[in-house]
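Undergrad: Please find one structure pasted underneath; my questions will follow.
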Amino acid sequence: MQTITAPSISAIITRIKERILGKPMTNHLVVTILAEDRPGIVEQIAQTIIAHSGNWMESSMNRLAGKFAGILLVEVDAQHNSLLQDALVRLSEYGITITVEDSNYLGQHEVPLCIEIVANDRPGIVGEIAAQLASKKVNLESLETFCDSAPMSAGMMFHAHAYIQLPEGMSQTDLTMLLEGLSDDLMVEIVDI
């Protein structure tokens, strides 16, 4: 005797949508990664995505203090979504901690504004900058920071490279005045991209 398993409601809805739209439904997943740094991490993740019919769309990955950390956007047909998510999470068996979240990514967004910030380093400077931006509803899309020795002094210089979205009605001049108002030594440069 053969057992027949009925498809789930979500599978039925997906098939109906595919028939109406004439193409498979696509899901977007935001994947975060954390592991002890070693060769082969990206390859393992990429092979897992390929093996489950996913498409690696965007990513940002770095090594920091001996850890490998990253975030990436993966596109996958609805029929492969659950299997891909399960396979990615199972990479924990290899020391790769992965979190997967569904996204409503539409593939469209405005071009961000790129800024460079330089100031004398001090405790709390990232928090101060983030608070100023948040107070005016500026969306911080990407932030990279580092410190290095100040030329001709024993102090440290803070450097930030950020991509932001200005709210409607805020000019680049308003942004510069907002941030440079934090301290006399803070300088903001708008970078053409």
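The values are calculated or read from the model by the stated rules, or taken from the named source; none is laboratory data. Because the structure is predicted, anything quoted here is derived from the model rather than measured. Don't worry about glycine lacking a Cβ; one is built from the backbone with ideal geometry, like all the others, and counts go over all protein chains shown. These area figures cover heavy atoms from the full protein model, side chains too; ligands, DNA and RNA do not enter into them. Shrake-Rupley method; radii C 1.70, N 1.55, O 1.52, S 1.80 Å.
Undergrad: Rank these residues by their accessible area, most exposed first, probe 1.4 Å: Leu34, Leu29.
TA: Leu34, Leu29
Undergrad: Can you give the angle from 0 to 90° between the axis of helix 125-135 and the longest principal axis of the chain, with both taken from C-alpha atoms, to the nearest 10?
TA: Roughly 70 degrees, rounded to the nearest 10.
Undergrad: Relative to the longest principal Cα axis of the chain, at what angle does helix 9-21 sit, 0 to 90 degrees, rounded to 10?
TA: Approximately 80 degrees, to the nearest 10.
Undergrad: Taking only Cα atoms of the chain, what ratio of Rg to Rh do you get with Rh as the Kirkwood inverse-distance radius?
TA: On the way: Rg = 22.3 Å, Rh = 20.2 Å.
On the Cα set of the chain, Rg over Rh gives 1.10.
Undergrad: Still on this model: With only Lys, Arg, Asp and Glu charged, each at its Cβ (+1 for the first two, -1 for the last two), find how big the charge dipole of the chain is about the Cα centre; round to the nearest 20 debye.
TA: Details: 11 positive and 25 negative charges, 202 e Å.
Using Cβ point charges on Lys, Arg, Asp and Glu, the chain gives about 960 debye.
Undergrad: To the nearest 10 degrees, how steep is helix 78-89 against the longest Cα principal axis of the chain, on a 0 to 90 scale?
TA: Tilt of helix 78-89: around 60 degrees.
Undergrad: If you don't mind, another one. Per residue of the chain, what 222 nm ellipticity follows from adding -39500 (n - 2.57) for every DSSP H run with n ≥ 4, rounded to the nearest 500?
TA: -9000 deg cm²/dmol
Undergrad: Along each of the three principal axes of the Cα atoms of the stretch 108-180, give the extent in whole Å, ordering the values from largest to smallest.
TA: Result, largest extent first: 43, 22, 19 Å.
Undergrad: Expressed as cubic angstrom per residue, what is the convex hull volume of the alpha carbon set of the stretch 40-128?
TA: Hull volume over Cα atoms, normalised by residue count, gives 156 Å³.
Undergrad: Which is the longest run of the chain containing none of the GluC sites (Glu not before Pro) found in DSSP loop states (not H, G, I, E, B) with at most 10 other C-beta atoms within 10 Å? Present the calculation step by step, with values, prior to reporting the outcome.
TA: On the way: sites that count: Glu110, Glu168.
Longest run free of exposed loop sites: 1-109.
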